[in-house]
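*Asks:* Have a look at this one.
What follows draws every value from the coordinates through simple rules; no lab data is involved. Being a predicted model, the structure only gives us computed values, none of them experimental. When we count neighbours, we look across all protein chains shown, and the Cβ atoms used for this are built from the backbone with ideal geometry, even at glycine.
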Amino acid sequence: MGVDSYTRRTLKRSELTQNARHYINGRWETGVTTGLSENPSDTRETVAEYARADRSQTELAIRAAADAAPHWSHTTPQRRADVLDQIGSEILARREELGLLMAREEGKTLPEAVGEAARAGHIFKFFAGEALRGGGGETLASLRPGVQVDVTREPLGVVGLITPWNFPLAIPAWKIAPALAHGNTVVFKPAELVPACGWALAEIISRAALPAGSFNLVMGSGREVGQTLVDSPLVDGISFTGSVETGELILQAAARRHAKVQLEMGGKNPLVVLADADLDRAVDCAVQGAYFSTGQRCTASSRLIVEAPVHDAFVVRLRHRLAALKIGHALERGTDIGPVVDRVQLARNLAAIAAASEEGAEHVWGGEPLQRATQGHFMSPALFLARPEQRVARDEIFGPVACVLRADDYEHALDLANDTPFGLCAGICTTSLSRATHFKRHARVGMTMVNLPTAGVDYHVPFGGRKASSYGPREQGRHAAEFYTTVKTGYVLA
Ligand code: UN1
């Protein structure tokens, strides 16, 4: 199947189907039912047979987390730092093996997957430091004589963490690590398409000497496991990354019982290319941002907004680059873009592409299903020329599909960039410092990128957006404390 010899050797050790069980109250548990996850590069290969919970099994995990909360929230910062550091070290030491598992289960290329595993390890190490530094606090004089006031941060309690399939290790890491660092106990529900990755992470966490119940893994459907987490009065906060539709349902359900919520949802991120840009750099940013990871990132640049004088040259160069990309098995050396994650998503992508042509967007390249030596969900990256009101320019597709919008000038480009219900990330390619600075200030998003792809972020700074993209406090970096802690104000008559 063209998989190179290094990968073939490594595969020998892990070719057996993984048996992934729940981790509840410090014990490995079988599920009420079982499910299978398959390799999207080769659907004949089953990656995991995994446990699936119903409501009552999920409730056991929630109860365990609630019982463990008083203990874990009072452990010393040193203990929490040591636990997180140990988890981070093990992930880093096993990054190749974890990357291989991820490439098999999610379909991102092996180098991308190994890089993501390393990122997950570094995230745990960063939050080991955060456990020591704490969420911050202040002491002030009261308005009343002789009285002192302090403001401290305490753990939220039990948090339910619901994660997507597209970053099977990094996103769980950037929720689990700050949750534990700040003294919360966790019930973690990974996406149904990537249970083996969730299980592998839980297996590493299970060996880090956490008190039983502080960390629990429960796999299964959103309807059973996710809904139970969202509805349980014992769950103090829900952090979710996924679709806008699910995020809105979670928000409404959590609001009814006053639970804290953090949502990371969709994006339709613009990459503006101005006439003064380094065009090679701009094409690199577009290829990276729109198509790598098969476009399956909420930070993907799916709207390429190009100033008229360089529009045609940009499209020609981009088309040229797309034609040279290698689409194939995620483990094959040299693959630029792996498969789409599953047949449902592939069908959705192809339907969006057909709809784009029907609504009159001009097809430039790709968007075809591809046959390879193995049976996988392969498709060529798609590029359209679109008008701003067309759906291909408005709806998040979550696949390797991008469109180019023509802008008359910088002001027009900025208007187009902001003309979207989403507000996660916005990029600009320009050599003008004043344009870049103006764009950074006026793009209505949570993150801006200058001469960089919109996708690909650091873990030590805040991550998140505005409008339909996000809700609640930012993730990652020091700002993670805003979600994972609650503020207490104390008054003392000295
Ligand atoms: C990145 O671009 O490095 O689901 C991270 C997503 C985002 C993470 C993107 N929550 O695509």
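*Asks:* Given Cβ point charges of +1 (Lys, Arg) and -1 (Asp, Glu) and nothing else, what value in debye, to the nearest 20, does the dipole of the chain about its Cα centre take?
*Replies:* Details: 53 positive and 55 negative charges, 169 e Å.
Dipole size: approximately 820 debye.
*Asks:* Could I ask something else about it? Dipole of the chain (Lys/Arg Cβ +1, Asp/Glu Cβ -1, origin at the Cα centre): which of 251, 66, 464 lies farthest to the positive side?
*Replies:* So the residue furthest toward the plus end is 66.
*Asks:* Please count, across the chain, the pairs of lysine residues with Cα atoms under 27 Å apart that sit 8 or more places apart or on different chains.
*Replies:* Close lysine pairs found across the chain: 25.
*Asks:* Computed FRET efficiency, Cβ-Cβ of residue 17 and residue 442, R0 51 Å: what is it to the nearest 0.05?
*Replies:* Rounded to the nearest 0.05, the efficiency is 0.50.
*Asks:* Give the order of 72, 28, 174, 199 when sorted by the count of other beta carbons within 10 angstrom, beginning with the fewest.
*Replies:* Placing the least packed residue first, the sequence is 28, 72, 199, 174.
*Asks:* When Lys and Arg each count +1 and Asp and Glu each count -1, what net charge do the other residues less than 14 Å away from residue 68, Cβ to Cβ, add up to?
*Replies:* Value of the local net charge: +2.
*Asks:* I've got another one for you. Report the net charge of residues surrounding residue 399, where surrounding means a beta-carbon distance below 12 angstrom and charges are Lys +1, Arg +1, Asp -1, Glu -1.
*Replies:* -1
*Asks:* How large is ³J(HN,Hα) for each residue in segment 299-309, as worked out from phi by the Karplus curve 6.51 cos²θ - 1.76 cosθ + 1.60 (θ = phi - 60°), to whole Hz, x for Gly and Pro?
*Replies:* Couplings: 8, 4, 8, 8, 10, 9, 9, 10, 5, 3, x Hz.
*Asks:* Also, quick follow-up: Taking the alpha-carbon centroid of each part, what is the distance from segment 427-471 to segment 164-182 in angstrom?
*Replies:* Each part reduced to its Cα centre gives a spacing of 22 Å.
*Asks:* Return 425, 298 ranked ascending by Cβ neighbour count within 10 Å, so the fewest neighbours appear first.
*Replies:* Going from least to most buried by this count: 298, 425.
*Asks:* Separate question: Rounded to two decimals, what ratio of Rg to Rh does the chain give with C-alpha atoms and a Kirkwood Rh?
*Replies:* My calculation of the ratio gives 0.99.
*Asks:* What Kirkwood Rh does segment 89-188 have if only Cα atoms enter the pairwise 1/r average? Answer in Å.
*Replies:* On the way: mean 1/r = 0.0646 Å⁻¹.
About 15.5 Å, per the Kirkwood formula over Cα pairs.
*Asks:* Here's a follow-up. Any idea how far the Cα center of segment 99-114 sits from the one of segment 133-152, in Å?
*Replies:* Centre-to-centre distance over Cα atoms comes out at 48 Å.
*Asks:* Between residue 333 and residue 82, what is 0.36 nm times their sequence separation minus the Cα-Cα distance? Round to one decimal in nm.
*Replies:* 86.7 nm
*Asks:* Further, regarding this structure: So how many Å³ per residue does the convex hull of the Cα atoms of segment 396-442 work out to?
*Replies:* About 95 Å³ per residue, rounded to a whole number.
*Asks:* Using a 7 Å offset from Cα along Cα-Cβ at residue 494, what residues in segment 135-179 end up with backbone N under 17 Å from the label point?
*Replies:* Counting only backbone N, you get 138-152.
*Asks:* A further question follows. Could you point to the residue in 31, 400, 279 farthest towards the positive end of the chain's charge dipole, with +1 and -1 charges on the Cβ of Lys/Arg and Asp/Glu respectively?
*Replies:* Looking along the dipole axis, the top candidate is 31.
*Asks:* Would you mind checking which residues have amide H under 5 Å from residue 384's amide H? H placed 1.01 Å from N; only 5 or more apart, or other chain.
*Replies:* 364, 402, 403, 404
*Asks:* Need one number: nm distance between label points at residue 152 and residue 358, each 7 Å from Cα along Cα→Cβ, rounded to one decimal.
*Replies:* Label at residue 152, label at residue 358, 6.1 nm between them.
*Asks:* Also, I was wondering about something else. Can you tell which of 447, 296, 390 lies farthest toward the positive end of the dipole of segment 270-463, using +1 and -1 charges on the Cβ of basic and acidic side chains (Lys, Arg; Asp, Glu)?
*Replies:* Towards the positive end, the residue furthest out is 296.
*Asks:* I need two numbers for segment 270-463: Rg to one decimal and Dmax as a whole number, Cα atoms only, in Å.
*Replies:* For segment 270-463, the Cα-based Rg and Dmax read 15.9, 50 Å.
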